[in-house]
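Have a look at the structure below before the remarks.
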Amino acid sequence: MNEIRPSRPNNLDAFWMPYTDNKYFKGTPRMLARAEGMSYYTTEGKEILDGTAGLWCCNAGHGRREITEAIQKQAAVMDFAPTFQLGHPIAFEAAARVAEMTPEGMDHVFFVNSGSEAADTALKIALAYQKSIGQAQRVRLVGRERGYHGVGFGGMSVGGIGPNRKQFGAMLPYVDHLPHTHLPAVNRFCKGQPEHGAHLADALEALVALHGDTIAAVMVEPIAGSTGVLVPPVGYLQKLREICTKHGILLIYDEVITGFGRIGTNFGAERLGVTPDIMTMAKGLTNAAVPMGAVATSAAVHDAIVHGSPSGIELFHGYTYSGHPLASAAAIATLELHRAEDLPGRARAMEPYWQQAAHAMRDVPGVIDVREMGLIAGIELEPRAGKPTARALDVFRRCFDDGVLVRVTGDIVALSPPLIIENHHVDRIFGTLSDAIRAVPA
Ligand SMILES: Cc1ncc(COP(=O)(O)O)c(C=O)c1O
């Protein structure tokens with residue numbers, strides 16, 4: 001007979017935590033119990049100001065009643081229904097709402113459950129598209145150094161962050177990478193988009209020269225976030241777009257963090273002035289209240305696959321939870337909040353104050369670069385000699401203990417607050433951060 005052992009309270013062993021130093025955490029746990037507005041509250045009841053919107057995702061702030069009620073209502077009506085060969089109205093409504101927000105022409109929406117699934121789905125759609133237009137030789141996928149596209153095999157392979165790959169041996173074959181766009185020697189402490197670096201897109205021409213007509217798609221983040229906030233140089237994305245169009249290569253934007261108002265427009269594509277063929281999204285789509293991601297495509301991509309296929313299933317891809325009713329309800333309520341409260345507009349209005357506060361960090365000893373756009377900022381620290389990442393981790397822990405949540409990646413502090421942030425929150429985030437940088441050993 002199966003024996004069910006009672007769980008022990010305070011047992012931290014069972015949960016193998018993601019992207020975490022498990023041994024350290026379980027010796028010194030930092031636990032969040034509640035969230036509201038701009039803040040978390042720990043299990044001890046201490047308030048922690050959220051400088052990261054959770055993980056770049058609670059753009060409308062925490063505990064939004066409208067979203068909670070929509071989820072509760074939907075759970076009581078229909079908990080789950082499949083979307084394979086069946087539908088439910090709320091998933092169609094959610095897709096239509098997303099399509100209203102995406103750049104013109106990006107009107108078809110495939111639902112997934114996370115950013116990682118969105119990245120892999122986008123890559124598969126790109127391959128299927130090329131095949132459906134008679135370009136089956138286009139099997140190569142191009143990413144960029146320092147890109148992050150989640151942890152599926154597609155996103156990991158096309159991504160360009162060494163530590164995310166080196167434990168896992170085999171990657172997808174037929175993948176290549178563009179150089180990253182970080183040029184500190186010429187762009188350090190620049191405001192918004194850096195002036196130098198558009199020429200780095202020419203590396204795609206070099207890959208075309210090398211690989212001929214075998215490249216299916218290029219996937220980049222409009223602003224690379226997880227790797228420490230790399231804003232695209234002026235003209236870079238325009239160039240990438242031109243080269244893709246010239247050579248029949250699809251351009252995929254990974255908008256998982258730049259979507260839903262983060263840089264002052266619905267999606268990064270709008271603010272940066274370049275529209276891709278396919279875009280991924282997740283996180284802010286449901287304000288993270290229920291996991292959900294999506295891939296939006298142009299009509300050309302959708303129609304080639306859907307109308308170009310004989311009758312029967314057109315795309316052999318999908319998840320049990322694609323268009324899950326609770327996630328769909330959360331997405332509709334979230335997007336309604338975006339519209340009603342003009343969250344992208346709020347981000348735009350806050351940007352000058354945020355930018356000025358971010359750049360004031362330049363005077364803090366040990367800060368070697370500041371990069372920002374919209375309500376994103378990356379504050380790069382001089383690494384501790386012989387111990388990369390240790391200084392930033394100490395800063396993260398110190399900020400948390402002083403009541404502010406920041407995120408660190410390498411020796412970079414990445415900030416991405418809820419878009420409902422106000423001036424006094426900005427002051428507190430940067431004040432606590434600068435105190436922490438001064439307080440921890442260099
Ligand atoms: C640009 C980008 N793509 C994909 C992902 C992966 O999303 P998820 O963790 O929901 O799988 C992330 C997560 O931070 C991201 O920033």
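Read-outs throughout are calculated quantities, based only on the coordinates presented, and are distinct from any laboratory measurement. Everything numeric in this text was worked out from a predicted model, so none of it was measured. Don't worry about glycine lacking a Cβ; one is built from the backbone with ideal geometry, like all the others, and counts go over all protein chains shown.
When residue 192 is tested against the conditions (1) within 15 Å of the ligand (Cβ to nearest atom); (2) in contact with an Asp or Glu (Cβ under 9 Å, 6 or more places away or on another chain); (3) closer than 30 Å to residue 362 by Cα, the lone failure is (1). Please tell me if residue 203 is in a helix (DSSP H, G or I), more than 15 Å from the ligand (Cβ to nearest atom), touching a Pro at 6+ places or on another chain (Cβ under 8 Å) and small (Gly, Ala, Ser). The answer is yes for residue 203.
Among the residues of segment 132-159, those that are surrounded by 23 or more Cβ atoms within 10 Å (Cβ to Cβ) and in a loop (DSSP other than H, G, I, E, B) comprise 138, 147, 148, 149, 150, 159. Selection within segment 280-308: residues that are touching a Gly at 6+ places or on another chain (Cβ under 8 Å) and aliphatic (A, V, I, L, M). The member of this set that is farthest from residue 95 (Cα to Cα) is 288.
Each row is one residue, and each column tells you yes or no for (1) of a type outside the set (Gly, Ala, Ser); (2) within 20 Å of the chain's Cα centre (by Cα); (3) under 19 Å from residue 416 (Cβ atoms).
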residue: 365; (1), (2), (3): yes, no, no
residue: 368; (1), (2), (3): yes, no, no
residue: 373; (1), (2), (3): yes, yes, yes
residue: 376; (1), (2), (3): yes, yes, yes
residue: 382; (1), (2), (3): yes, no, no
residue: 385; (1), (2), (3): no, no, no
residue: 390; (1), (2), (3): no, no, no
residue: 401; (1), (2), (3): yes, no, no
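How about segment 348-400: which of its residues are charged (D, E, K, R) and not in a strand (DSSP E or B)? 348, 351, 362, 363, 382, 391, 394, 397, 398 - these are the residues of segment 348-400 that are charged (D, E, K, R) and not in a strand (DSSP E or B). A count restricted to segment 359-406 and to residues that are closer than 22 Å to residue 48 by Cα and not hydrophobic (A, V, I, L, M, F, W, C) stands at 8. Those helices (runs of 4 or more DSSP H) of segment 24-124 that lie entirely within it include none in which at least 3 residues are within 20 Å of residue 416 (Cα to Cα), β-branched (Val, Ile, Thr) and away from the ligand (no atom under 16 Å from the Cβ). Output the residue which, of all residues in segment 125-154 that are more than 21 Å from residue 301 (Cα to Cα) and touching a residue at least 40 places away in the same chain (Cβ under 8 Å), is nearest to the ligand (Cβ to nearest atom). In this case the residue turns out to be 150. Counting only residues that are at positive phi and assigned to a helix (DSSP H, G or I), segment 263-320 holds 1 of them.
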